[in-house]
Amino acid sequence: MCGIVGYVGDNKSIEVLLGGLKRLEYRGYDSAGVAVIDADGHLATRKRAGKLQVLVDDLAAHPLGNGATGIGHTRWATHGGPTDVNAHPHLSADGKLALIHNGIIENFSELKQELLDAGAVFSSETDTEVAALLVGREYEATNDLTEALRRVVARLDGAFTLLVMHEDQPGLVVGARRNSPLVIGLGDGENFLGSDVAAFVQFTKRAMAIGQDQIVAIRPDSVEVTDFAGAPVEVEEFEIAWDASASEKGGWSSFMAKEISEEPDAVANTILGRVHDGVVTLSELDPIGDEALADIDRIVIIACGTAAYAGMLGKYAIEQWARIPVEVDLAHEFRYRNPILTSRTLVISISQSGETMDTLMAVKFATAAGARVLSVCNTQGATIPRESDAVVYTHAGPEVAVASTKAFLAQMTALYLIGLHLAKVRGTLAAAEIRENVGELQAIPAKIAEVLAVSQAEIGQLAHWMTDVQSVLFLGRNVGFPVALEGALKLKELAYIHAEGFAAGELKHGPIALIEPGQVVFVIVPSPRDPDSLHPKVVSNIQEIRARGARVIAIAEKGDAAVLPFADEVIPIPLAGTLFEPFLTVVPLHIFGMELAAAKGLDVDQPRNLAKSVTVE
Ligand code: G6P
């Protein structure tokens, strides 16, 4: 959702702001705007509904002046439709102060009434304009932009990141945050603010993450962080691990195509440095400590969307290896149902962005209830890791396409490593068994590469003949079930068609009623080699739906002859142990979602209505 960029430095603010907004486009938005101080020292703004390119073209036709101070915003509409007027920045009554906002000001109606009573005039329908008018009023009273913002944030309820600049204060941008993201980029004679490090990674690798309820004032040569009460705050610097080029599309047709091609690396890089002589060593868990980990009696995994499906797969692995009961809950369901948490509960939150508001709120709730919280996250400097006791970072690199792909595989990898670490400290697996599973995990990247090489063209063809299909079902059992859910989610997100994933065992309890001639069903088939395999049961399911006219596309281990007579298409995957199959079976489904969206002429990277980081509840 909304992307934010702030800049003070050389006379290149427009270039920095538009570059930053471009890199934040992935968050999802429907309008964009900038404010700068122009060559005459006046505050100038430009904002346009639609894609960033509309703003870029407008600025090319009618330039604003590339001043040394600026703020930029991509808006994902909440209060008021996506129009030019509702786009940010919003201005103070005298037009000298510009403000941008990410989040929701929950008490905006009361504040708006107060301003209306005092004679204020509003030009938009947004909650944000209230903040702009209030900060403008406080600036008139104080002549101090930081103090003005501090006074206003004390009156706001809800979640927000706010950035302000004033034409009488060139070389200064002030930001404040509560429950919405904001990170600082440290340059040489220039400084940056952004919703995440992607906003400025092309200019600097040095960054600082600020905490909740803090205010930051950036000038070209200084960065000052205080809390909402005005007390100075020490902030630690970190180096951005991402390459600027990693968030570029390169020669790929879409970010998603690029990111699917990076799935082998996402797994390999997440393992890197965490395995020594076949033993998993997660020093990141030290803040919790092996003693406490050995003592936990329950794990609750919380996440949203694709991350929750990675969590479901984590459950299979952790229960199997560490013999601890694991529940998986959608963060928004968990948070509002008074869950049972004790000091022996380990809550594992999973979030690519580290900013999903539902997950963040669940993390805070769990911490307040006395549980230990471990986060699995892909983004340095994000909020959720800061609110957790410990963090295991996934090393998938920046994920730009809204629909998550490589991060899903990296999240699974992190969870499997956590499962093996827990098995070690709890003594539930022998060293040889751990080594064997580590070996399986280390072999996965090459096998994913094989799936990519073999199935890409075939799935592209499948997608082309399916552009008119109205509904697709996905069936899977055991670890194939979350994969079925993930396959269905990708089709909904990307191709806008009805898709549902089912546990194959449920088939006869309802879903089979949906089967009619021509119904497309993807079936995730377990390996026939495992003596405890559910393979025969899934093959029976295939026969049952085939008998009713379904068009079956099976994702099955290569050489699985039992499937061939009953499937219209078979997508072969390499051999792997049961728990490791999802790393491979999910890959064709990621490709299929992308290819079907592309074949339908849809925007693969930025599907309608969706945001990559859902930063409001
Ligand atoms: C949004 C995205 C999904 C993602 C989910 C969770 O809904 O569209 O692709 O899986 O958020 O995001 P997170 O950053 O918390 O993993």
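Worth a mention:
- Checking HIS590 against (1) within 16 Å of the ligand (Cβ to nearest atom); (2) crowded, with 20+ Cβ neighbours inside 10 Å; (3) over 20 Å from PRO482 (Cβ atoms); (4) not polar (S, T, N, Q), the condition it does not meet: (3)
- Test result for LEU420, within 27 Å of ASP297 (Cα to Cα) and within 16 Å of the ligand (Cβ to nearest atom): no
- Residues that are aromatic (Phe, Trp, Tyr) and within 16 Å of the ligand (Cβ to nearest atom) are absent from segment 103-115.
- Selected residue (only one of ALA499, ALA463 is more than 16 Å from the ligand (Cβ to nearest atom) and assigned by TED's automatic domain parsing to the domain that holds HIS590): ALA463
- Counted residues, segment 365-387 - those being more than 13 Å from the ligand (Cβ to nearest atom) and surrounded by 20 or more Cβ atoms within 10 Å (Cβ to Cβ): 8
- Residue match in segment 471-483 (condition: in contact (Cβ under 8 Å) with a residue 24 or more places away in the chain, within 16 Å of the ligand (Cβ to nearest atom) and assigned to a helix (DSSP H, G or I)): yes
- Output for segment 249-307, where each listed residue is within 16 Å of the ligand (Cβ to nearest atom), touching a Lys or Arg at 6+ places or on another chain (Cβ under 9 Å) and assigned to a strand (DSSP E or B): ILE301, ILE302
- For THR578, the stated conditions do not hold, so it cannot be described as in contact (Cβ under 8 Å) with a residue 24 or more places away in the chain and not assigned by TED's automatic domain parsing to the domain that holds LEU475.
- Enumeration of residues in segment 551-566 that are assigned to a loop (DSSP other than H, G, I, E, B) and under 35 Å from the mean Cα position of the chain (by Cα): LYS558
- Condition check for ASP40: among the charged types (D, E, K, R), more than 32 Å from the chain's Cα centre (by Cα) and modelled with pLDDT under 95: yes
- Qualifying positions in segment 330-351 - without any contact (Cβ under 8 Å) to a residue 60 or more places away in the chain and within 15 Å of the ligand (Cβ to nearest atom): LEU330, ALA331, GLU333, PHE334, ARG335, VAL347, SER349, SER351
- Test: residue in segment 134-147 that is within 29 Å of the chain's Cα centre (by Cα), assigned by TED's automatic domain parsing to the domain that holds LYS47 and surrounded by fewer than 24 Cβ atoms within 10 Å (Cβ to Cβ): no
Residues are listed down the side, and each one gets a yes or a no for (1) hydroxyl-bearing (Ser, Thr, Tyr); (2) not in a helix (DSSP H, G or I):
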{"residue": "GLN320", "(1), (2)": "no, no"}
{"residue": "VAL402", "(1), (2)": "no, yes"}
{"residue": "PHE408", "(1), (2)": "no, no"}
{"residue": "TYR416", "(1), (2)": "yes, no"}
{"residue": "LEU429", "(1), (2)": "no, yes"}
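- Members of segment 312-345 that are within 22 Å of the chain's Cα centre (by Cα) and over 27 Å from GLY476 (Cα atoms): ARG335, TYR336
- Restricting segment 352-364 to residues that are assigned to a helix (DSSP H, G or I) and charged (D, E, K, R), the residue that is farthest from the ligand (Cβ to nearest atom) is LYS364.
- In segment 516-528, the condition of being assigned by TED's automatic domain parsing to the domain that holds PHE583, closer than 20 Å to LEU485 by Cβ and in a helix (DSSP H, G or I) is met by no residue.
Matching residues to (1) modelled with pLDDT under 95; (2) assigned to a strand (DSSP E or B); (3) charged (D, E, K, R):
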| position | (1), (2), (3) |
| --- | --- |
| LYS508 | yes, no, yes |
| ASP530 | yes, no, yes |
| VAL539 | yes, no, no |
| PRO572 | no, yes, no |
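- Among the residues of segment 494-522, those that are out of contact with any Ser or Thr (no Cβ under 9 Å at 6 or more places or on another chain), surrounded by fewer than 24 Cβ atoms within 10 Å (Cβ to Cβ) and closer than 25 Å to ALA403 by Cα comprise TYR496, PHE502, ALA503.
- Residue match in segment 51-70 (condition: on the phi < 0 side of the Ramachandran plot, outside any strand (DSSP E or B), crowded, with 22+ Cβ neighbours inside 10 Å and within 16 Å of the ligand (Cβ to nearest atom)): no
- Scanning segment 94-139 for residues that are farther than 26 Å from ALA49 by Cα and either of a type in the set (Lys, Arg) or without any contact (Cβ under 8 Å) to a residue 24 or more places away in the chain (or both) yields GLU110, GLN113, GLU114, LEU115, LEU116, ASP117, ALA118, GLY119, ARG137, GLU138.
- Among the residues of segment 523-575, those identified as among the small types (Gly, Ala, Ser) and surrounded by 21 or more Cβ atoms within 10 Å (Cβ to Cβ) are ALA550, ALA554, ALA556, ALA567.
- Criterion: surrounded by 14 or more Cβ atoms within 10 Å (Cβ to Cβ) and either in the same structural domain as MET208 (by TED's automatic domain parsing) or in a strand (DSSP E or B) (or both) - qualifying residue of PHE334, PHE238: PHE238
The values are calculated or read from the model by the stated rules, or taken from the named source; none is laboratory data. Not measured: the values here are computed from a predicted model. Glycine gets a Cβ as well: all are built from the backbone with ideal geometry, and neighbour counts include every protein chain shown.
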